[in-house]
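Okay, so here's the structure we're looking at.
The values are calculated or read from the model by the stated rules, or taken from the named source; none is laboratory data. Note that the structure is predicted; figures quoted are calculated from it, not measured. Backbone-built Cβ (ideal geometry, glycine too); neighbour counts: all protein chains shown. When the accessible area is computed, the model is the full protein with side chains, heavy atoms only, and any ligands, DNA or RNA have been set aside. Shrake-Rupley method; radii C 1.70, N 1.55, O 1.52, S 1.80 Å.
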Amino acid sequence: MISVDNLAVEFGNTTLFKDISFIINNKDRIALMGKNGAGKSTLLKILASVQEPTRGNISAPEGSVIAYLPQHLMVTDDNTVFEEASKAFAHIHEMENEINSLNKELETRTDYESEDYYKIIERVSTLSEHFYSIEDTNFDGEVEKVLMGLGFLREDFQRPTKEFSGGWRMRIELAKILLKKPDLILLDEPTNHLDIESIQWLENFLISSDSAVMLISHDKAFVDNITTRTIEVTMGRIYDYKVNYTSYLQLRAERREHQLKAYEEQQKMIADNMQFIERFKGTYSKTNSVQSRVKMLEKLERIEIDEIDTSHIKLKFPPAPRSGDFPVITDGITKRYGDHLVFKDASISIARGENVAFVGKNGEGKSTLVKILMQQIDHDGTLNLGHNVKIGYFAQDQAAQLDGELSIFQTIDEVAKGEIRKQIRNILGAFMFSGDDIEKKVKVLSGGERSRLAMVKLLLEPYNVLILDEPTNHLDIKTKEVLKEALLDYDGTLILVSHDRDFLDGLVSRVYEFGNKQVKEHLGGIQSFLEKKQMLNLKEIERKN
């Protein structure tokens with residue numbers, strides 16, 4: 001059990017949160033929710049002892065292990081994947097060394113009745129009990145199981161970590177955390193760099209784990225599947241709900257409704273009393289009544305309404321110029337890099353106005369096929385783009401092409417046409433740019449901010465084929481809903497590369513699966529695809545048995 005007591009964080013005159021207290025119980029699985037800037041990531045850092053609070057403290061049983069995965073992290077380049085992941089067990093070797101050292105100390109000491117001697121005995125006893133419970137673990141087997149669950153192949157194990165992208169390095173760090181089997185796992189946006197199969201594996205791992213979990217995530221399906229408790233950080237306070245995310249939304253709406261009613265009743269009472277005070281403040285016979293009401297209003301604790309985004313932005317794409325009946329057709333597309341075959345004989349046909357998803361493990365060729373469609377790389381086979389096709393393309397690296405000298409507002413003002421120009425500030429607000437932020441130069445923005453800005457820019461230009469490669473990685477749940485609604489209304493053709501099941505659900509009517517050097521077509525939406533995959537996996541297990 002980990003206890004958070006009267007925690008406060010202040011920056012100058014700004015209070016992020018104050019006097020918050022809660023307990024994390026064994027096996028709790030908690031979603032940490034709240035608007036951007038509410039203090040969610042700061043709270044995780046404090047729990048992980050990466051950041052100090054202004055006041056308050058965290059208490060945990062002696063020997064408790066808390067593991068933390070931040071949003072942005074790079075592992076060292078000096079080890080292989082297997083060596084880096086095996087660092088998870090370094091604490092076990094340290095534990096063994098401490099036990100041996102303390103036992104040697106007990107052999108040489110003669111102060112058998114002293115408090116220090118008893119403390120050493122207690123420490124040795126605690127460490128030994130923990131150590132001998134895990135001594136027989138097959139460490140190499142555990143490392144292999146977790147790495148493969150997170151998408152690594154056996155041939156990757158001996159490759160240097162420096163050969164992998166930042167996303168894959170994040171998986172190595174996640175593997176180390178899971179292998180430590182900590183008492184509390186803290187995860188800040190863990191699904192940003194995982195494909196659908198790895199996310200499902202992580203879900204199953206966390207659900208069956210003995211560790212408590214607290215996570216921040218914008219993947220609604222992931223949060224709902226894992227968590228059983230939701231802590232909301234809002235206006236410097238927290239609200240603790242013993243339910244998952246979907247149920248929390250309903251309870252929060254009910255809470256705010258009651259809060260609003262109480263606020264309105266209080267405002268009426270204040271207005272009535274102020275009216276009485278104004279009317280009788282010069283009347284001698286009412287002096288005591290007037291003073292009594294003045295004092296009552298001075299002491300009154302005012303009800304505050306929790307912040308909530310009441311503005312609902314409906315983002316509408318410009319009308320798509322009409323394209324041919326089949327904007328994208330490929331026949332027998334094969335792609336190799338030297339001796340490495342990415343996929344072969346990929347034949348797809350996408351009709352005008354159709355929404356399709358590219359899914360599969362990372363490294364199986366989804367983004368490669370997108371680059372072929374964009375005519376950025378060579379290939380074998382035939383690519384036919386239909387009449388009058390105008391492709392709009394979004395990927396994380398598109399953000400690097402923005403003009404760094406323009407402000408956020410200027411970047412969007414350049415492409416906005418007609419009535420939409422009146423809504424630029426609202427649209428930027430929906431994508432988490434507000435107030436004075438919109439005057440910032442692009443060159444000072446973080447990678448996530450640039451990606452969001454590149455997305456807004458793309459949405460305002462008239463394309464009839466949109467290809468979006470992981471568009472939701474830096475978007476919160478509300479912003480994803482704004483984007484999803486806009487895409488549902490889009491009258492062009494849409495190709496989505498995404499691992500976000502909730503985002504894809506109801507948005508695509510066909511799925512192309514990348515794996516085993518092939519591209520397979522699945523009719524139906526993402527839920528239908530996942531159900532089929534589960535059945536296939538069960539059949540494979542039966543065959544192996």
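Overview of values
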item	result
Relative contact order computed over the stretch 191-336 (Cα-Cα under 8 Å; 6+ residues apart), in percent	15
Computed label-point distance, nm, for sites N79 and K119 using a 7 Å Cα→Cβ extension	3.2
E278 - accessible surface, heavy atoms, 1.4 Å probe, Å² rounded to 10	110
With all protein chains modelled, accessible area of H193 [1.4 Å, Å²]	70
Of the GluC sites (Glu not before Pro) in the stretch 414-485, those whose Cβ has at most 15 other Cβ within 10 Å and which sit in DSSP loop	E414
Distance (nanometres) between label positions extended 7 Å along Cα→Cβ at S446 and D378	4.1
Percent RCO, i.e. relative contact order, over the stretch 396-545, from Cα pairs under 8 Å lying at least 6 residues apart	18
Share, in percent, of DSSP beta bridges within the chain that are antiparallel, nearest 5	50
Sparse-neighbour loop sites [trypsin sites (Lys or Arg not before Pro); the stretch 389-434; at most 16 other C-beta within 10 Å; DSSP]	K390, K417
Calculated [θ] (222 nm, deg cm²/dmol) that DSSP helices of n ≥ 4 give over the chain, each run adding -39,500 (n - 2.57)	-12500 deg cm²/dmol
Selected from Q275, I177, V213, residue furthest toward positive end of dipole (the chain; charges at beta carbon)	Q275
Sites K295 and Q401 - FRET efficiency at Förster radius 51 Å, r taken between beta-carbons, to 0.05	0.20
Calculated FRET efficiency for the pair I305/D210, C-beta based, R₀ 45 Å, to 0.05	0.65
Greater than 22 Å apart at Cα, pairs in K316/K457; K35/K220; K87/K145; K316/K422; K181/K361; K361/K457	K181/K361; K361/K457
Rel. contact order, % - alpha carbon contacts under 8 angstrom, at least six apart, the chain	14
Surface accessible to a 1.4 Å probe, K316 within the full protein complex, Å²	130
Neighbour cut-off at most 14 other Cβ (10 Å), DSSP loop, GluC sites (Glu not before Pro), the stretch 1-100	E62
Efficiency of FRET from Cβ geometry, M269 and L153, R₀ 51 Å, rounded to 0.05	0.15
